[in-house]
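Notes for the one structure printed next.
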Amino acid sequence: MSQADTNLNLRKQLHAKFSYNEHMERMVDKGIIFLVCGAVLFLIPQTTAFIVALLLALTASALQEISSVPKSLRAAGLYAYLGAGIAFPLFVTFVPLIAYDCFRTKNWLLKFCWTIPLFAALRELNLGVFLFLMVACLISIVLFWRTTQVEKERLNYTELRDELRETSLALEQNNRDLQEKQDVEVQLATLAERGRIAREIHDNVGHLLTRSVLQIEAAQVVHAPNTALANDLEHIAATVHEAFDTVRASVHNLHDDSFDLYTQLYALAQNSPLSVNLEYQVAEIPDVIGYGFVAIVREAVANAAKHSDATVVRVSVTEYPAFWQLVAHDNGSKNPLKRGARGEAGEQVLNARDARFAQSGGMGLASMEERVRTLKGVFRTDYDKGFRVFVSIPKERA
């Protein structure tokens, strides 16, 4: 799973967590408001209408906490209760509970319409009950404001923490990339130095030893009648030959160690004009095949940059029990191997990009195919949401 998917899942989990916390906060607020509204029992007589008002108020308030209920239906429940409060003054007893849900809506008309049944019932209620209900409504508003502010601060804090965490993760990823790039550059420098030393030994020491061998052999021929001197020269020749063989083996070892396929491909990807995504799953591969893979990838990336509108090339090198596989797949939207539309005369014509590919890109494909054939492998090209080069080298043939 990518880092973006991880961050998205984390955000979803945090959103669900905060929704649950906000829901619990609202339930506590409504519990407090309900207890305050219940205290009005000491000021008015208990009747059946009071029980009906209690049940309807709880139902209308509970609807607001069910997210699966449509918003229009939830708003209709509030309007219905407030309308009943106008018709039956005793229903205003639980208007503070309804007022809390009214303030949660974005409709400004609904935010303050709870005042209508409250003032409409003023002529039916004594002043003490009216003032008590007004205080209860104020408590409801204060609780709503407090819960809203707490949730905003909590959400801001969480977003800030998430941003800091994402920034920290991004910095860690950048550090890892820089470290990997530095390691590759060090590896490239090491391999280049090994190659330079191998060339220096081959070009200088190797030639000197070769000349010494030739001079000793010439001296052996000249001084063949002198048995003692010929024996001494033979011993010297054997020593020089041994030294020559040792130097040659060392040069070959240095040269073999101066090549690493992953390092070469990584450097090629970093210096490419396109974005190259490298997938490397190889334990061991012969250098001769590695050199061929590097040349093929370089040519495939160059073709994608020259003859296609591709922006990304995915390079995959995989080792299987019986073969090594190389796939270079770009995201170009046009098939460079496909001829253009038919002209006015009814014959197919090539556009400028196809013509360039036929001249230069075709030669590049032929060169890649020739390399693969030399390695006794299989070379294929096709187009599937981008131009693709497929190479397979059987291990038994290699």
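The values are calculated or read from the model by the stated rules, or taken from the named source; none is laboratory data. Just so you know, these numbers come straight off a predicted model, no measurement behind them. Cβ coordinates were reconstructed from backbone atoms using ideal geometry, including for glycine residues, and neighbour counts include every protein chain displayed. To get the accessible areas, we keep the full protein, side chains included, count just its heavy atoms, and leave off ligands, DNA and RNA. Shrake-Rupley method; radii C 1.70, N 1.55, O 1.52, S 1.80 Å.
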Does L155 satisfy the condition of being out of contact with any strand residue (DSSP E or B) (no Cβ under 8 Å at 6 or more places or on another chain), modelled with pLDDT under 85, more than 30 Å from V36 (Cα to Cα) and part of a helix (DSSP H, G or I)? no
Taking the stretch 282-318 on its own, how many of its residues are surrounded by fewer than 15 Cβ atoms within 10 Å (Cβ to Cβ), out of contact with any Phe, Trp or Tyr (no Cβ under 9 Å at 6 or more places or on another chain) and assigned to a strand (DSSP E or B)? 1
Has the stretch 224-247 got at least one residue that is farther than 30 Å from R211 by Cβ, in a helix (DSSP H, G or I), polar (S, T, N, Q) and modelled with pLDDT of 75 or more? no
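Every residue in the stretch 377-398 that is outside any strand (DSSP E or B) and on the phi < 0 side of the Ramachandran plot, please.
Matches in the stretch 377-398: G377, D384, K395, E396, R397, A398.
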Taking the stretch 81-114 and keeping only residues that are over 23 Å from W145 (Cβ atoms) and either assigned to a loop (DSSP other than H, G, I, E, B) or touching a Lys or Arg at 6+ places or on another chain (Cβ under 7 Å) (or both), one is left with F88
Could you run through the stretch 301-315 and say how many residues are touching a Leu at 6+ places or on another chain (Cβ under 7 Å) and of a type in the set (S, T, Y)? 1
Looking only at the stretch 115-133, and only at residues there that are in a helix (DSSP H, G or I) and open to solvent by 50 Å² or more (accessible area, probe 1.4 Å), the one that is nearest to C102 (Cα to Cα): I116
I'd like the residue in the stretch 134-179 that is touching a residue at least 24 places away in the same chain (Cβ under 8 Å) and farther than 22 Å from K30 by Cβ and, out of all such residues, is most open to solvent (accessible area, probe 1.4 Å). Q173
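Any idea which of L56, L110, L97, L63 is open to solvent by less than 70 Å² (accessible area, probe 1.4 Å), in contact (Cβ under 8 Å) with a residue 24 or more places away in the chain, out of contact with any Ser or Thr (no Cβ under 6 Å at 6 or more places or on another chain) and not β-branched (V, I, T)?
Of L56, L110, L97, L63, the one residue that is open to solvent by less than 70 Å² (accessible area, probe 1.4 Å), in contact (Cβ under 8 Å) with a residue 24 or more places away in the chain, out of contact with any Ser or Thr (no Cβ under 6 Å at 6 or more places or on another chain) and not β-branched (V, I, T) is L110.
Determine, yes or no, whether I141 is modelled with pLDDT under 85, in a helix (DSSP H, G or I) and hydrophobic (A, V, I, L, M, F, W, C).
Working: modelled with pLDDT under 85: no; in a helix (DSSP H, G or I): yes; hydrophobic (A, V, I, L, M, F, W, C): yes.
Here the answer is no, as I141 does not meet what is asked.
Conditions tested, residue by residue: (1) loosely packed, with under 14 Cβ neighbours inside 10 Å; (2) modelled with pLDDT of 65 or more.
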| site | (1), (2) |
| --- | --- |
| Q348 | yes, no |
| E369 | no, yes |
| V372 | no, yes |
| F379 | no, yes |
| V391 | no, yes |
| A398 | no, no |
All but one of (1) out of contact with any strand residue (DSSP E or B) (no Cβ under 9 Å at 6 or more places or on another chain); (2) surrounded by 13 or more Cβ atoms within 10 Å (Cβ to Cβ); (3) at pLDDT below 50 hold for Q359; state the number of the condition that does not hold. (2)
For the stretch 22-43, indicate whether the set of residues that are at pLDDT below 75, open to solvent by less than 60 Å² (accessible area, probe 1.4 Å), under 21 Å from V142 (Cα atoms) and of a type in the set (V, I, T) is non-empty. yes
